[in-house]
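**Q** Before anything else, here's the structure in question.
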Amino acid sequence: MFGRRGLKWAVYAGVFGFLVWSAWGLRVSPTRFVEGLGYGRVLLGQMLPPSADSAGIARIVDKLGESIAMAMVATVTGIVLSVPVAFMAAENISPRPLYYANRGLISLSRALHGLIVAIIAVKAVGIGPLAGIVAITFKTIGFFSKLLAEDIEDIDMGGVKAARAAGASPIQTLLYGVVPQIVPRFVGLTVYRWDINIRQSTVIGIVGAGGIGTLLLRAFERYDYAYVAAILSAIIAVVLVAEGVSALVRRRYQ
Amino acid sequence: MTLDVVDLRKTYPTGDEALKGVDLTVVGSETVAMVGPSGAGKSTFIRCINRLTEPSGGEIRLDGTDLVGLDDDGLRAARRDIGMIFQEYNLVERLTVMENVLTGRLGYVSTWRAFRRDFPPEDIDRAYELLDRVGLEDMENKRVDELSGGQRQRVGIARAVIQEPTILLVDEPTSSLDPETSREVMSLLTEVAAERDIPVLINIHEVELALDHADRVVGLHDGELVFEGTPAEFDERARDTVYRGMDAPPSDAVDGSERSVADGSTVGEPTRTPAGGS
Amino acid sequence: MSVDTPQWRRFNRRERLGRFLATLLALVVFVGSWEYLDMGVTNLADTPRHITDLIVRMYPPDVAYTGQIIDPLIETVHIAAIGTVMAMMLSLPVAVLAAKNTTPNAATYWLGKLLVTVSRSVNIIVWALIFVVMFGPGALAGIIAVGVRSMGFLGKLLAEEIEEIDFGQVEAVRAAGAPPAAVFLYGVVPQIKPAVAGLAVYRWDINVRGASILGFVGAGGIGVQLFTAVDSFAWRTVAMILIAILAVVLVSEWLSAYTRRLVR
């Protein structure tokens, strides 16, 4: 496990100290906690049973469709854009400046939370699903390009050399020497990311980027908790289906 | 066909002088074997010719065109005429035999057609003919990772020959193969080249195989050409020069002097030295 | 010659049909989704311009703002830490319920699975919304949101770890006559301990990222500042806050990788 016992205990002590500092720093009052729990029971009572009239259900279905559509489009655009980014971010085939620039882009995309990206996208292109697509596309690029670039860096360069030696153009060399080696993981990664994107698409509406999140926020603001519960149930259902599809496809193709 | 290599030099960034000014000419459809100890620069030499490794200096004239000065597009066009066979086969494992062979024709089809695997029928014909010739008939749709080493190298041979090259560069084709397969591959290689009048420049480790199949033998030692002659002339003394350096005393050969006498050369005959001396 | 010319195709008839259909399906879904969203092409054409416009406005970042970021950032890290601890405590019993070899009966198994699923399927921001309603705005809601969200993640992975253990060791302890709690402590826990440490740090790293947005709905942390800045179009301040968040995330990522390597 750890290198030396001393180091191990030092780490434990450090972590413990950090946690104590955190707890003290937050100054959480037990009374508020207990009060909150009490109110939680009330809330639960208001949320259950989840209810929505036919108009409410229609809105849920419509907005859910919007979320799913956003996820579909953004997954495609994200993956299409990740391919060139991944090639430029692969150490073994990309020139230095391009490599660093794209690796930076990837790190930025991965470090920022999806909602942060969404809120900025909303300010950039306006409220609505376009912002959602932009945000999810950006996050998809960070995720996908990194994994793809690692795959590319892992390949056996032999086929590449042979194609070059036979006089193939750079793109042909990529097509015949690199692409066949990275295709296996491609399908699995695509559907995995699609699944994550569906999840994201259901909540970015909270900051105005379209989808069912908008409905959810409005319901909270109206204190209409039964409707909130209905919306949440719909979201959970969609997320579960997406997860199921993703697991199924990955099992069939891996 | 004439390949004229003049004063080829290669110094690696580490300071290692792999080639110190080597001259070589290959004409017609002869087979030239390059022998020498590990690190002599044989592989570097071969790879400099089609600029897989960039030479530090010198000229490489293939039918009059200096390959060293070519830009990217020119180099690509030139490489179409140079077939290469690699030690590690360098096949794309997940692609089929047919696709690997057709890689040799990529220089002649557009990118879009290449993507769709839509090669002209003549290329398909050539591919089938070559696959038959190298003994891989009916295996065109097998994935390369299902093949043995010997079979893979045959695919490599087909890929290089389908280019209809003006010269074949071969870089240690048999190092990864067992002795018997090595012999088969070498024979196949030289036969196919002879049938099509293609000259071969082959870098090979196993001296006996070299002597069996080559029209000419050149010996490299420490980045310099130290021997050039027919296989018959490659006697014990030559062997020493190549493998132990010009100034090395002749070894107490096991079958030394008697062998060289039987070959027709006399003991006292000097071996050819490169123009620049040692 | 041409009469004998064999035709060669990379994929046989069936494979080609399959690939064609798949491409067609993808295209239909893509175009269909686009139509459904009814956004038109004009909006799209402006997008690159809008984005670059925004990025230009973020430069140079407002370095003077740094002083005001420190406390909220620290609060964010604290929220992530305590939230993760809470999640660990909650996830252990949940994992026991959701593991086939330690769960008492089918009902408890499904309960465990349900808890894990609900926790994982609801995004942290939604949990934050709920807990802000319950506990009022502030860090408390944030901590509990982090805790409840991570409970599912950790619970699922821990359950998988538990299912992988050598049950023989557990039976040995049980055969010695130990009470259930002791069986758990001596038979199960030692086998999953290495995984627990690694998972906890991994999840803490993810939570640091998640905690940065809790402020959007009033659950504490730097999200509050970020949200205000974005809302008032103070882009240079936004840039500064983002850089600060990036720095914290990088540190936590490094710490996480380092600790996990130690534990291996």
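Values quoted throughout were computed directly from the atomic coordinates according to the rules given, and no laboratory measurement underlies them. Small disclaimer: the values here were computed from a predicted structure and weren't measured. Virtual Cβ from ideal backbone geometry, glycine too; neighbours counted across all protein chains shown.
**Q** Which of these, A:212, A:120, A:79, has the largest mean-square fluctuation under a Gaussian network model of chain A (Cα springs below 10 Å)?
**A** A:120
**Q** With the crude spin-label approximation of a point 7 Å out along Cα→Cβ, what separation in nm comes out for residue A:46 versus residue A:156?
**A** 6.4
**Q** Shifting gears a bit: I'd like to know which of A:198, B:192, A:182 lies farthest towards the positive end of the charge dipole of the protein assembly as shown, counting +1 on Cβ of Lys and Arg and -1 on Cβ of Asp and Glu.
**A** Of A:198, B:192, A:182, it is A:198.
**Q** How would chain A be classified by its alpha-carbon gyration tensor: rounded, prolate or oblate, with rounded meaning a/c under 1.5 and the a/b versus b/c comparison settling the rest?
**A** Numbers: a/c = 2.42, a/b = 1.44, b/c = 1.68.
Oblate.
**Q** Continuing with this model, one more query. At 222 nm, what helix-only mean residue ellipticity would chain A give, in deg cm²/dmol to the nearest 500, using -39500 (n - 2.57) for each DSSP H run of four or more?
**A** -27500 deg cm²/dmol
**Q** Using Cβ contacts closer than 10 Å as the measure, can you line up A:57, A:206 from fewest to most?
**A** A:57, A:206
**Q** Moving on to the next point. Using a 7 Å offset from the Cα along the Cα-to-Cβ direction at both residue C:175 and residue B:118, what is the distance between the two label points in nm, to one decimal?
**A** If labels sit at residue C:175 and residue B:118, their model points lie 7.1 nm apart.
**Q** Further question on the same structure: Rounded to the nearest 500, what is the 222 nm mean residue ellipticity of chain B from helices alone, with -39500 (n - 2.57) per DSSP H run of 4+ residues and division by all residues? Don't jump to the answer; show the numbers that get you there.
**A** Numbers: 10 runs with 94 residues, N = 278.
That comes out to -9500 deg cm²/dmol.
**Q** With an 8 Å cut-off on Cα pairs and a minimum separation of 6 or more residues, tell me the relative contact order of region B:89-164 in percent.
**A** Normalised by residue count, the contact order of region B:89-164 is 53 percent.
**Q** Something else about it: Once each part is reduced to its C-alpha centroid, what is the distance from region B:138-210 to region A:181-254 in angstrom?
**A** If we compute the Cα centre of each part, the gap is 54 Å.
**Q** Which semi-axis lengths, in whole Å and largest first, follow from the square roots of five times the eigenvalues of the Cα gyration tensor of region A:208-254?
**A** Computed over region A:208-254, the values are 31, 11, 4 Å.
**Q** If you don't mind, another one. Could you pull out the pairs from A:161/B:10; A:8/C:193; A:161/B:20; A:146/B:142; A:63/A:123 whose alpha carbons sit more than 23 Å apart here?
**A** Pairs exceeding 23 Å: A:161/B:20; A:146/B:142.
**Q** Sort all Cα-Cα distances of region A:37-94 into consecutive 10 angstrom bins from zero, then give the percent of pairs in each bin up to the one containing the longest distance.
**A** Taking all Cα pairs of region A:37-94, the binned fractions are 18, 20, 20, 17, 14, 9, 0 percent.
**Q** Diagonalise the Cα gyration tensor of region B:1-79 and give the resulting equivalent ellipsoid semi-axes, square root of 5 times each eigenvalue, largest first, whole Å.
**A** Over the Cα atoms of region B:1-79, the ellipsoid semi-axes are 20, 17, 10 Å.
**Q** Same structure, new question: Among B:69, B:15, B:245, which one shows the highest mean-square fluctuation when chain B is modelled as a Gaussian network with alpha-carbon springs under 10 Å?
**A** The residue that fluctuates most here is B:15.
**Q** List the residues whose amide H sits under 5 Å from the amide H of residue B:57, counting only those 5 or more places along or on another chain, with H placed 1.01 Å from N in the peptide plane.
**A** B:9
**Q** Where in region A:80-178 are there GluC sites (Glu not before Pro) that are in a DSSP coil and have at most 13 other Cβ atoms within 10 angstrom of their Cβ? Provide the component values of the computation, followed by the final result.
**A** On the way: sites: A:91, A:150, A:153; in loops: A:91.
Listed in order of number, the matching sites are A:91.
**Q** Which value in nm describes the separation of the simple spin-label points at residue A:226 and residue C:44, placed 7 Å from the Cα toward the beta carbon?
**A** My value for the distance between the label points is 4.2 nm.
**Q** Where in chain C are the DSSP H helices whose C-alpha atoms run 30 Å or more along the long axis and whose mean Kyte hydropathy is at least 0.5?
**A** C:13-37, C:66-98, C:139-164, C:235-263
**Q** Over 35 Å apart: what share of the alpha carbon pairs of the protein assembly as shown falls there, rounded to a whole percent?
**A** Everything past 35 Å amounts to 61 percent.
**Q** For chain B, modelled as a GNM with alpha-carbon contacts under 10 angstrom, which of B:182, B:38, B:110 fluctuates the most?
**A** Result for chain B, Cα springs under 10 Å: B:110 fluctuates most.
**Q** What chymotrypsin sites (Phe, Trp or Tyr not before Pro) does region A:159-254 have in DSSP loop regions with at most 12 other beta carbons within 10 Å?
**A** A:223
**Q** So what's the convex hull volume per residue for the Cα atoms of chain B, in Å³?
**A** Here the figure is 142 Å³ per residue.
**Q** Give me A:133, A:198, B:162 sorted ascending by neighbouring Cβ count inside 10 Å, so fewest comes first. Walk me through the numbers on the way to the answer.
**A** Values: A:133 32, A:198 24, B:162 21.
Ordered by Cβ neighbours within 10 Å, fewest first: B:162, A:198, A:133.
**Q** Just need the relative contact order of chain B here, percent rounded to a whole number, with Cα pairs under 8 Å and 6+ apart.
**A** 24 percent.
**Q** Looking at the square roots a ≥ b ≥ c of the eigenvalues of the Cα gyration tensor of chain C, which shape do they give, rounded for a/c under 1.5, prolate if a/b is larger than b/c, or oblate?
**A** oblate
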